[in-house]
Structure formats: structure tokens, C-alpha cells
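Student: Could you have a look at this structure, given as C-alpha cells, before my questions?
The values are calculated or read from the model by the stated rules, or taken from the named source; none is laboratory data. This one's a predicted model, so the numbers in the text were calculated from it and none came from an experiment. All Cβ positions, even for glycine, are placed from backbone atoms using ideal geometry, and neighbour counts span all protein chains on display. Accessible surface areas use protein heavy atoms only, side chains included; no ligands, DNA or RNA. Shrake-Rupley method; radii C 1.70, N 1.55, O 1.52, S 1.80 Å.
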Amino acid sequence: MGPVREGLTANLETAYLICDWVIRIGMLLVVPLRRPPEATRSWLLLIFFLPIPGLLLYFMIGRPRFPSWRRARFAKLSPFLTAIRGRLEPPPTPRPSVAKLVEKMGGWAEVEGSNVDFLDNYDAVIERLVADIDGATDCVRILAYIFADDATGRRVIDALGRAVRRGVPCHVLIDPVGSRRWIRNTARLLRAAGVETREALPLHWLRGRTRRDMRNHRKLFLVDHVIGYAGSQNIVDKDFRPGVTNRELVARVTGPVVAQLAALFVSDWYLETETMLPSMSIAPPADGNAVAQLLPSGANYGIQGFETLLVAQIHAARDRIVITTPYLIPDEGTLGAMRTAILRDVAVQMIVSAVVDQPLVGLAQSSYYDELLQAGVRIHRYRDELLHAKNVSIDGRLAIVGSSNVDIRSFQLNEEASLLFYDPASIAALERIQREYIEHSDELDLAQWRGRAPQARVAENLARLVTPLL
């Protein structure tokens, strides 16, 4: 190697070293801005050891914000949402404090007079949905994180096709990442049936690209502005993952709260198409006994709505808390709230799934069990099926059913939808389902848990390091 070549190599090495340290120092100033401490630590650790790859990954997934054009489009929805709110009856008085909090975060007040059925039989949900679509006379609107072209998906597609042939307009939004295995053929089949089909949060590469992992995770099915479904179930075979069968929970509602769900779908459709779908001229009739309220959450709302709700209600609990989630990656606020609740003699129970469909998340989730058990939280691991349901009950005064997990992804990245119920009958119905979960679960014992293999602990801790980056 000649002197010139040696000098060039030395210059390149110096430039690379300078670049590494510029990235490290610069990101010390950038990363902590509006970011939780645990995420800040993980990003800085990655960038310290791998500055250039870490910087590239940060630009890809490090900023959980929508592009400016999408935020501007969301702001244009304000008159429409105000008009829908004006068609609903004023909330009951006196109002629960949690209802006021939810209204400030998501824009919707609680409404009286709805009906709710909690459906936790997977096949029965599809049967009921197909029957409702077959009875539709006005419109059908579906938003799904996963919409497959398998046997279950084709049943729903066939029902939508029959509705279109009766002259009923049908609109479907599909998340392209959640449905990546099926979306091309699913969209083709839907369009062939005459269904207006769009992608939710499509991956724009030129116009203010949305992060690939910022997804629309909602599951909303609307029929005739009269019937609404919200919960955890997608439109896919319950055993679409080999060796894993899903168990879900869906709230099928009628009455005034359907107007809130329908407005959320119309909003999401407008954000993707800039087209306003026809909405109901009056609110659905109030002929039920449920008091219900919608909490939409996601990057459009400027605050981590589901996380804020959950932490606030854990702090407010006086007797018992039961949380069901398939993915448990709590942040420091949630962990601290649970510890404090235990110190106040509040019984805190977590229902998680022993069956795992995402190994990395499963390992990271397991890394929290020791500290939760040590704090006094009771952890029940549901056997046999993947318990994919997401629900919360607190003190016999509040029930929550929706699409939000207790993890950083649902807190910060995903568009989610949660239904809150305040009436005793609805709360009791959810509590019965949760008790059945516990009956089919194994409770973790701290001493036995600590006896697991050392290599399992190492894998769990390594997985925990990367979860704040997701």
C-alpha cells in the first residue's frame, strides 16, 4: 500500500470516527425530547454502540408522529364531529370523573340508552356479523387490522357482496401491515364484489411517509348506523397461526354510542381519501340501559389516551382491578400505579396468555413478571388458547373493552378504540367473563417463577431492552 493510499485510509478512518461521535453527541440532544425515560435509555444505548445503524433506525421508526398533511386533514374534521356530538343527548348527571377525563382526551361524552352484548365466542361473532350484514338496508362499514382471504374472510366478503347487490353501499378499511399476508387478494375480492376498499395508513414513500409500525389497530364493524362492533377480533380464521387458536372479546352495541363508533369510521375514511361518507341524520334510538362512551386514541389526539385512562383509574381504584391483555409491556407510569394500588390494599389481577404468538414480545413480557409478583400483583396465565381479548374492570364501577393492549405500541403508536361502560349490568357481564378466564388459567407463584432456567432470564432481559424502541 502506497503513502497516498495509506493517507486516504487514515483520513476515512478519522472521518468515520468524527461522524460516530457527532451522531452520539447530537442524539443526546434530540432523543430525550418528548420521549419516555425507558425509550430514551434504549435509543441512546443503541446509538452509543452502533451510531450509524442506530441513526438510520431512528429516522425510520424513532418519531411517532404523523406527517403534517395528515394532521391538517384531521383538524378539518372538527365541524363534522361537533355536529355529531350535537345530535346526542347530554350526558347523565352527576357524571363520573373518569367520563369527563375521557371526553377531554377523545372528544366523546358518555351516553345513556345503549344495548351491549359481550361476545367471546369467535365463530359466533362472525355468524352474528354476517347475519347483520345480510339484514343491512343502508350501509356497511368495516375497519380491520387483519382482513384475510381465508374461509372466515370470504364469508364476510360474500355477505358484503350480497349487500352491494341489494343496493347497500359497503366501505372497508384494511391496515396494510396487519394484513400484509392477505391484503392484495383480499382487496381484489372486495373490489370485485363492489365494495369500496382502501388501505388504512398506507405506506407513502414520497408524501410525508408514515412510520411502518404506526398502525390503525382498530376493529370496527358498523351496520346501518344502528349496530356497532368494537373489540379485539379481526376478520381471519381463529387458528390462522399454526398451533395457535385465538380467543377474543367483542362488544356488539346498539343505541346512541353507535353514532360515536360510526363517526370514528367516517373520520378514518376521510383521513385516507379526503371524502366524507354520508352520516346518520339523527342519533340511533335510546332504548337500552347501558351507559357507554368511546375513547379513540392514537397520534392524532396529542395525548396517550388509553395509557392516561388506565394509569388514572389504577390510581383511583379502591377495591379491585382486573386487567386482561395478551401483550403486557407496561411503562413506568403503569408499573408505578400498580405498585401504589397494592400498597393501598387494592387487589390487582393480571390475566395474560400462556400461549404466545410473538416470541420477542413474549420474552419481554415475562421479564416483568418477577417485579409484578414481588409487588403483590396476581398473574393468571390463560391456558390452551391465545387469549387475545383486551379488557379492564375496576371496582364494579367501570368496564373497558377494546383493541388496546397494555404495551408501549398501543400506548404510543397504534390507532385504537376502547368502549367504556358505567352501568352495573354491563360491568357485571364483563366481570363474569373475566372470572371464567381465571378459572381456565394457572396462577404464577413467585418462588416457582424464580426457579426458571438462567438462560430464559437472559433472553427475557435482552428482549426487554429493545421493546421501548418499537
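Student: Any idea which of (1) over 22 Å from the mean Cα position of the chain (by Cα); (2) open to solvent by 10 Å² or more (accessible area, probe 1.4 Å) is the one residue 270 doesn't satisfy?
Tutor: Of everything listed in (1) over 22 Å from the mean Cα position of the chain (by Cα); (2) open to solvent by 10 Å² or more (accessible area, probe 1.4 Å), residue 270 misses just condition (1).
Student: Still on this structure: Quick one: count up the residues across the range 401-413 that are open to solvent by 10 Å² or more (accessible area, probe 1.4 Å) and in a strand (DSSP E or B).
Tutor: Summing the residues that are open to solvent by 10 Å² or more (accessible area, probe 1.4 Å) and in a strand (DSSP E or B) in the range 401-413 gives 1.
Student: I've got another one for you. If I go through the range 114-125 residue by residue, how many of them are open to solvent by less than 10 Å² (accessible area, probe 1.4 Å) and outside any strand (DSSP E or B)?
Tutor: Selection size over the range 114-125: 1.
Student: Can I ask one more? Whether any residue in the range 226-249 is touching a Lys or Arg at 6+ places or on another chain (Cβ under 7 Å), hydroxyl-bearing (Ser, Thr, Tyr) and open to solvent by 30 Å² or more (accessible area, probe 1.4 Å) is what I want to check.
Tutor: Yes: the range 226-249 contains one or more residues that are touching a Lys or Arg at 6+ places or on another chain (Cβ under 7 Å), hydroxyl-bearing (Ser, Thr, Tyr) and open to solvent by 30 Å² or more (accessible area, probe 1.4 Å).
Student: Could I ask something else about it? Pairs only if they're at least six apart or on different chains, beta carbon under 8 angstrom, first in the range 112-129 and more than 25 Å from residue 293 (Cβ to Cβ) and of a type in the set (A, V, I, L, M), second open to solvent by 40 Å² or more (accessible area, probe 1.4 Å) and assigned to a helix (DSSP H, G or I); list them, first residue then second.
Tutor: 126/155
Student: Of the residues 167, 161, which is more than 23 Å from the chain's Cα centre (by Cα), modelled with pLDDT of 95 or more, part of a loop (DSSP other than H, G, I, E, B) and surrounded by fewer than 23 Cβ atoms within 10 Å (Cβ to Cβ)?
Tutor: 167
Student: Let me ask something else about it. What about residue 93, is it out of contact with any strand residue (DSSP E or B) (no Cβ under 7 Å at 6 or more places or on another chain), among the hydroxyl-bearing types (Ser, Thr, Tyr) and at pLDDT below 95?
Tutor: yes
Student: Further question on the same structure: Specify the residue that is modelled with the highest pLDDT; the eligible residues are those in the range 273-304 that are among the small types (Gly, Ala, Ser) and surrounded by fewer than 24 Cβ atoms within 10 Å (Cβ to Cβ).
Tutor: 288
Student: State all residues of the range 79-113 that are open to solvent by 60 Å² or more (accessible area, probe 1.4 Å), farther than 17 Å from residue 421 by Cβ and in a helix (DSSP H, G or I); if no residue qualifies, say none.
Tutor: 79, 82, 85, 86, 87, 104
Student: Of the residues that make up the range 251-258, is at least one outside any helix (DSSP H, G or I) and closer than 19 Å to residue 415 by Cβ?
Tutor: Yes; the residues of the range 251-258 include at least one that is outside any helix (DSSP H, G or I) and closer than 19 Å to residue 415 by Cβ.
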